[in-house]
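Q: Structure below; questions to follow.
Nothing in this text is a laboratory measurement; each read-out follows from the coordinates by a stated rule. Keep in mind the model is a prediction, meaning the values are calculated, not measured. Quick reminder, even Gly has a Cβ in these numbers, built from the backbone with ideal geometry, and neighbours come from all protein chains shown.
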């Protein structure tokens with residue numbers, strides 16, 4: 001298991017660095033739940049993020065739709081990226097969408113995958129603006145392979161799409177060179193964070209967050225949210241969203257102390 005970020009606050013938050021924090025949502029800011037619609041941000045986590053955002057740039061990058069994650073977090077002045085970074089918006093005129101040309105084929109994939117999943121008890125289809133997700137968290141273990149086969153069959157019909165695997169979900173997205181890592185690098189450049197002594201920190205729990213860990217390798221810090229040992233490109237770990245909140249509070253407290 002890689003070292004806990006809570007034990008290395010002094011090494012992470014150095015006196016001369018400016019910080020920028022990028023965060024996943026499900027499994028990072030909120031616990032993973034059986035039904036995604038029930039994953040709401042706690043009041044204490046929202047306050048922690050609000051205080052953090054007064055001291056540094058903060059961005060939330062989620063697999064959820066942009067409007068969905070923005071509504072759940074509800075903090076003005078931070079950046080939101082939905083659909084794994086395919087749909088980005090922030091204060092002022094900050095806006096970027098990737099893959100708009102693929103919306104018609106996503107519509108077709110949604111119809112076809114929905115029909116296939118209707119035959120699998122417990123399977124859930126979720127249409128997002130720039131992806132189609134097949135959730136199998138509530139599918140019997142012996143039937144999980146059927147969800148993968150259904151997603152693969154639809155992807156095989158539409159080569160414009162690619163499958164990515166998350167926690168108990170298979171997702172079809174536009175088959176273009178874009179992911180959370182590319183989104184983080186674009187945000188750093190667009191927000192003027194790519195130069196000087198800015199230290200980007202990315203915190204996430206899912207396989208899709210590995211793209212961001214990879215993008216920041218050697219120039220920032222990746223923190224995996226997991227209580228299990230697993231292969232990762234992250235530098236440090238935190239066990240669960242409660243530890244993420246503690247870590248973010250410690251960052252804020254340490255920055256406040258250096259200002260006194």
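Q: Evaluate the relative contact order of region 100-174 (contact order divided by residue number), counting alpha-carbon pairs under 8 angstrom at least 6 apart; express in whole percent.
A: For region 100-174, the relative contact order is 31 percent.
Q: Separation of region 77-111 and region 1-62 by C-alpha centroid, Å?
A: 22
Q: Please work out the C-alpha center-to-center distance from region 175-252 to region 135-155 and express it in whole Å.
A: 29
Q: Give me 118, 87, 65, 253 ranked fewest to most by other Cβ atoms within 10 Å of their Cβ, as a rough exposure proxy.
A: 118, 253, 65, 87
Q: With an 8 Å cut-off on Cα pairs and a minimum separation of 6 or more residues, tell me the relative contact order of the chain in percent.
A: Relative contact order here is 23 percent.
Q: What does the convex hull of the alpha-carbon atoms of region 1-112 project to on average, in nm²?
A: So the Cα hull casts an average projection of 10.0 nm².
Q: Relative to the first principal axis of the alpha-carbon coordinates of the chain, what is the inclination of helix 103-117, with its axis defined by its Cα atoms, in degrees from 0 to 90 and to the nearest 10?
A: 70
Q: Now for a separate question. With a 10 Å cut-off between alpha carbons and a GNM built on the chain, which of 248, 149, 66 moves the most?
A: Taking springs between Cα atoms under 10 Å, the residue moving most is 149.
Q: In percent, how large is the relative contact order of region 1-65, given Cα pairs closer than 8 Å and 6 or more residues apart?
A: 41
Q: Rank these for me by crowding, 168, 128, 180, 157, going from fewest to most other beta carbons within 10 Å.
A: In increasing order of surrounding Cβ atoms, one gets 157, 168, 128, 180.
Q: Angle check, please: helix 43-53 long axis (alpha carbons) against the longest principal axis of the chain (alpha carbons), in degrees 0 to 90, nearest 10.
A: Tilt of helix 43-53: around 60 degrees.
Q: On to the next question. Listing 135, 84 from the residue with the fewest other Cβ atoms within 10 Å to the one with the most, what is the order?
A: 135, 84
Q: Separate question: What fraction of the DSSP beta bridges in the chain is antiparallel, stated in percent and rounded to the nearest 5?
A: Antiparallel bridges make up about 50 percent of those DSSP assigns within the chain.
Q: Continuing with this model, one more query. Could you tell me which label, among [x] 28, 19, 19; [y] 32, 20, 16; [z] 25, 22, 19, carries the value of semi-axes √(5λ) of the Cα gyration tensor in Å calculated for this structure?
A: The calculated read-out lines up with [y].
Q: With runs of 4+ DSSP H residues as the only contributors, calculate the mean residue ellipticity of the chain at 222 nm using -39,500 (n - 2.57) per run, divided by the residue total and rounded to the nearest 500.
A: -10500 deg cm²/dmol
Q: Report, in degrees rounded to the nearest 10, the 0 to 90 angle that the Cα long axis of helix 180-190 makes with the longest principal axis of the chain.
A: So the helix axis and the longest Cα principal axis differ by about 50 degrees.
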